[in-house]
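Trainee: Sharing a structure below in structure tokens format, with a few things to ask.
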Amino acid sequence: MKLVINDTFHKELPVDPIQENYVRQVPNACMSYVNPTVCKEPKIIHTSDEMLENLGLQKEDTQSQGFLHVFSGNEIYPGTRPYAMCYGGHQFGSWAGQLGDGRAINLFEVNHNNKQWAVQLKGAGKTPYSRTADGLAVLRSSVREYLCSEAMYHLDVPTTRALSLVLSGDKVLRDVLYNGNPAYENGAIVCRVAPSFIRFGNFQILTARKELDNLKKLADYTITHFYPHLGAVNETAYINFIKEVAERTMQMIINWERVGFVHGVMNTDNMSILGLTIDYGPYGWLEDYNPGWTPNTTDAEQARYAYGKQGYIALWNIYQLANAIVPLIKDTKRLEDVLKKIQDDYHSDRQTMMLSKLGLNEQTENAEAIIEDLEQLLYDSEMDMTLFFRNLSSFDGIASDAYISALEELSYSQTFDTYRKNWTAWFTTYSHSLRKHQVENKMQQMNAVNPKYVLRNYMAQLAIDAANEGDYSVIDELYLLLKEPYSEQPGKQKWFAKRPDWAKNKIGSSQLSCSS
Ligand code: AMP
Ligand code: MG
């Protein structure tokens, strides 16, 4: 196995001088060197062909002992120095101080085809940032991250990627329901890949500690490597940097809204500085359309990170990032104007996105009302979001009784009849709009933004249940299915269906805890 290593992060930014691996506060540094913990009997479960290629590797490489040892953390690739990043964050709205890579270890950076990739193991053991936890990850959460990050990429949603899923051979103790019933589960390690894993929290911790020299170093590093088009680092570049991070973040959110994704834990330490979806934990997909829904049981009461709040929360998080970078900026009025515009743009961009799901152009009259009424009806009649929008592309413009009756099949409601009249009225208005404002190649356009296949939680759970029995075929089946989420795939119709009844209240198949 041959990789072209091009480490920058640990070579250009301050490193913690302590090299022993024990839990501590790490001032005056952006990272600490730490080696992965050796695992007992690693075994490769799955690899992503595309990510192999992106890193300049071949399928044959995955057969080598070197591949298994490096991506399980059992060997260090020659000439590299693994490290864990230091970051802080706001968790559920409150400043939490230092968090950091508690169970992620960056192996190295690879350059291939003029692209830079940071390569990181998740679940490879304790680091100075592990606080009271074990630094490990279980198979169930690793399968979810592995499958979903690749699926999101193919849905055209900005995301970190995954190279490999490895069974560690070690057992990991978890109390899934946080009810005093811990049990041993299979441990696993995902190798994640992204141009960079820097988060909002990497900046926040430096400002919180008043390490303004380091703050400037990190901002300059990030701009030089990942936002080089912003030019020489100066006040204008810092403002444009925040602007672009904010724009990318809001585009990511609009994409989440488009495909029905709910992240579940939008703390500022889980916000990528590149606007990528990062840290797949208790995420989920809207089935019955409910903007107030969160898959995260830990957040069930407040529902701070519910589907419909993600735009607002992302803006809140962007303000925290801006606050962290403000010490580098004198003219804060300019920054405020930028942030105000981000908010306005979000509302109009979201509307454009919703219109694209409906096959309508941007000139559509009463667009706001059409969208609001639809969202209300989808919610009231507990409509399956994915099925509804995907089927909508074949609507022939006539709001017939038969068409409305067929909608009932896509709903989870026991009282669908109550909304029949409202549906007829909505489809009548929609037909009028289509006549005037339909986009060209409507069906093709709609099918390119309304996915046919998404990774519903129960689907991931089926793959997990099989994997825990040593059967990895469902992982492979879903991985291949989700490579083409917008295509009709004959023979795969069983995955284009409502959530089965058994999954509604089964933990893991609808809602999840943070235990991972
Ligand atoms: P999260 O919000 O789940 O992404 O994680 C919040 C913080 O907890 C981060 O600093 C993680 O590195 C850390 N963390 C989560 N799980 C573990 C674990 N099993 N061992 C060590 N640190 C962890
Ligand atoms: Mg995290």
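Trainee: Residue by residue through the stretch 479-488, which ³J(HN,Hα) values in whole Hz follow from phi under the Karplus form 6.51 cos²θ - 1.76 cosθ + 1.60 (θ = phi - 60°), with glycine and proline marked x?
Mentor: With coefficients 6.51, -1.76 and 1.60, one gets 4, 5, 4, 7, 6, 10, x, 9, 8, 5 Hz.
Trainee: Provide Rg and Dmax in Å for the stretch 9-200, with only Cα atoms included in the calculation.
Mentor: Gyration radius and largest Cα-Cα distance of the stretch 9-200: 16.4, 50 Å.
Trainee: Quick one: which residues, 5+ away or cross-chain, put their amide H under 5 Å from the amide H of Glu75? H built at 1.01 Å from N.
Mentor: So Glu75 has HN proximity to Val70.
Trainee: Can I ask one more? Please determine, in degrees from 0 to 90 and to the nearest 10, the orientation of helix 332-358 with respect to the longest principal axis defined by the Cα atoms of the chain, where the helix direction is its Cα long axis.
Mentor: 50
Trainee: Counting only protein heavy atoms and using a 1.4 Å probe, what share of the accessible area of the chain belongs to carbon plus sulfur, as a whole percent? Show your work: numbers first, answer last.
Mentor: Values: 10290 of 20880 Å².
Result for the chain: 49 percent of the exposed heavy-atom area is carbon or sulfur.
Trainee: Over the chain, what relative contact order in percent results from Cα pairs under 8 Å that are six or more residues apart?
Mentor: Working: 1005 pairs, mean separation 74.4, N = 516.
RCO, the chain: 14 percent.
Trainee: So what is the calculated 222 nm ellipticity per residue for the chain, using -39500 (n - 2.57) for each DSSP H run with n of 4 or more, over all residues, to the nearest 500 deg cm²/dmol? Present the calculation step by step, with values, prior to reporting the outcome.
Mentor: Details: 16 runs with 201 residues, N = 516.
That calculation yields -12000 deg cm²/dmol at 222 nm.
Trainee: I would also like to ask the following. Rg and Dmax in Å for the stretch 356-447, alpha carbons only: what are they?
Mentor: Calculated on Cα positions, Rg and Dmax stand at 12.5, 37 Å.
Trainee: Using square roots of five times the C-alpha gyration tensor eigenvalues, list the equivalent-ellipsoid semi-axes of the stretch 25-94 in whole Å, biggest first.
Mentor: The answer is 30, 16, 13 Å, longest axis first.
Trainee: What number, in percent, do you get for the relative contact order of the stretch 95-148 if the mean sequence gap of Cα pairs under 8 Å and at least 6 apart is divided by its residue count?
Mentor: Details: 78 pairs, mean separation 18.3, N = 54.
Answer for the stretch 95-148 is 34 percent.
Trainee: May I ask you to order 3-11, 444-452 by the average number of other C-beta atoms within 10 Å around their residues, highest value first?
Mentor: Working: 3-11: 16.2, 444-452: 19.3.
By packing density, highest mean first, the sequence is 444-452, 3-11.
Trainee: What list of ³J(HN,Hα) values in whole Hz, one per residue of the stretch 417-428 in order, does the Karplus curve 6.51 cos²θ - 1.76 cosθ + 1.60 (θ = phi - 60°) give from phi, with Gly and Pro shown as x?
Mentor: For the stretch 417-428, the Karplus-derived couplings read 3, 3, 9, 3, 4, 5, 5, 4, 4, 5, 5, 5 Hz, x marking Gly and Pro.
Trainee: For the chain, evaluate the Debye formula with one uniform point scatterer on each Cα (no solvent term) and list log10 I(q)/I(0) at q = 0.05, 0.06, 0.12 Å⁻¹, rounded to two decimals.
Mentor: -0.20, -0.29, -1.15
Trainee: Report the equivalent ellipsoid semi-axes for the stretch 215-326 in whole Å, largest first, defined as the square roots of five times the eigenvalues of the gyration tensor built from alpha carbon atoms.
Mentor: Those come to 30, 13, 11 Å.
Trainee: Using amide H atoms built in the peptide plane, which far-off residues or other-chain residues are under 5 Å from Glu185 H to H?
Mentor: Amide H neighbours of Glu185, under 5 Å, 5+ apart: Val172, Leu173, Arg174.
Trainee: To the nearest 20 debye, what is the magnitude of the charge dipole of the chain about its Cα centre, counting +1 on the Cβ of each Lys and Arg and -1 on the Cβ of each Asp and Glu? Mind showing how you got there, number by number?
Mentor: On the way: 50 positive and 62 negative charges, 184 e Å.
That gives a dipole near 880 debye.
Trainee: Mind listing the long-range amide H neighbours of His46? Cut-off is under 5 Å, sequence gap 5 or more, other chains count too, H placed in the peptide plane at 1.01 Å from N.
Mentor: Answer set, sorted by chain and number: Leu165.
Trainee: Plugging the Kirkwood radius over Cα pairs into Stokes-Einstein for the stretch 257-302, at a temperature of 10 °C and a viscosity of 1.306 mPa s, what D comes out in µm²/s?
Mentor: On the way: Rh = 11.4 Å.
After rounding, the answer is 139 µm²/s.
Trainee: Further, regarding this structure: Students often check this: by mean Cβ neighbours within 10 Å, which of 155-166, 14-25, 97-108 ranks highest, and how do the rest follow?
Mentor: Numbers: 155-166: 23.2, 14-25: 13.8, 97-108: 21.7.
Ranking the peptides 155-166, 14-25, 97-108 by packing returns 155-166, 97-108, 14-25.
Trainee: Putting +1 on Lys and Arg Cβ atoms and -1 on Asp and Glu Cβ atoms, find which of Ser141, Leu276, Cys30 reaches farthest to the positive end of the dipole of the chain.
Mentor: Working it through, the farthest residue towards the positive pole turns out to be Cys30.
Trainee: Counting only heavy atoms of protein chains, what accessible area per residue, in Å², does the stretch 356-447 have with a probe of 1.4 Å? Show your work: numbers first, answer last.
Mentor: Values: 4740 Å² over 92 residues.
Accessible area per residue: 52 Å².
Trainee: Relative to the longest principal Cα axis of the chain, at what angle does helix 457-468 sit, 0 to 90 degrees, rounded to 10?
Mentor: Its long axis makes an angle of about 50 degrees.
Trainee: Moving to a separate point now. May I have the extent of the alpha carbons of the stretch 372-516 along their three principal axes, as whole Å values ordered from largest to smallest?
Mentor: 54, 34, 27
Trainee: Further, regarding this structure: Over the stretch 356-447, calculate the relative contact order: mean separation of alpha carbon pairs under 8 Å at least 6 apart, over the residue count, as a percent.
Mentor: On the way: 83 pairs, mean separation 46.4, N = 92.
After rounding, I find 50 percent.
Trainee: What does the accessible area per residue of the stretch 9-200 come to in Å², with a 1.4 Å probe and no ligands, DNA or RNA counted?
Mentor: Values: 7330 Å² over 192 residues.
Dividing the accessible area of the stretch 9-200 by its residue count gives 38 Å².
Trainee: Going by average Cβ density within 10 Å per residue, which order do the peptides 234-244, 487-497 take, highest to lowest? It would help to have the intermediate numbers written out before the result.
Mentor: Working: 234-244: 18.1, 487-497: 11.6.
By packing density, highest mean first, the sequence is 234-244, 487-497.
Trainee: Could you go through the stretch 252-261 in sequence order and give the Karplus-derived ³J(HN,Hα) for each residue, using 6.51 cos²θ - 1.76 cosθ + 1.60 with θ = phi - 60°, rounded to whole Hz, and x for Gly and Pro?
Mentor: Ordered by residue, 3J(HN,Hα) equals 4, 4, 4, 5, 4, 5, 4, 9, x, 8 Hz.
The values are calculated or read from the model by the stated rules, or taken from the named source; none is laboratory data. Because the structure is predicted, anything quoted here is derived from the model rather than measured. Here Cβ is always computed from backbone atoms with ideal geometry, including for glycine, and neighbour counts include all displayed protein chains. Please note that ligands, DNA and RNA were not included when accessible areas were found on the heavy atoms of the full protein model with its side chains. Shrake-Rupley method; radii C 1.70, N 1.55, O 1.52, S 1.80 Å.
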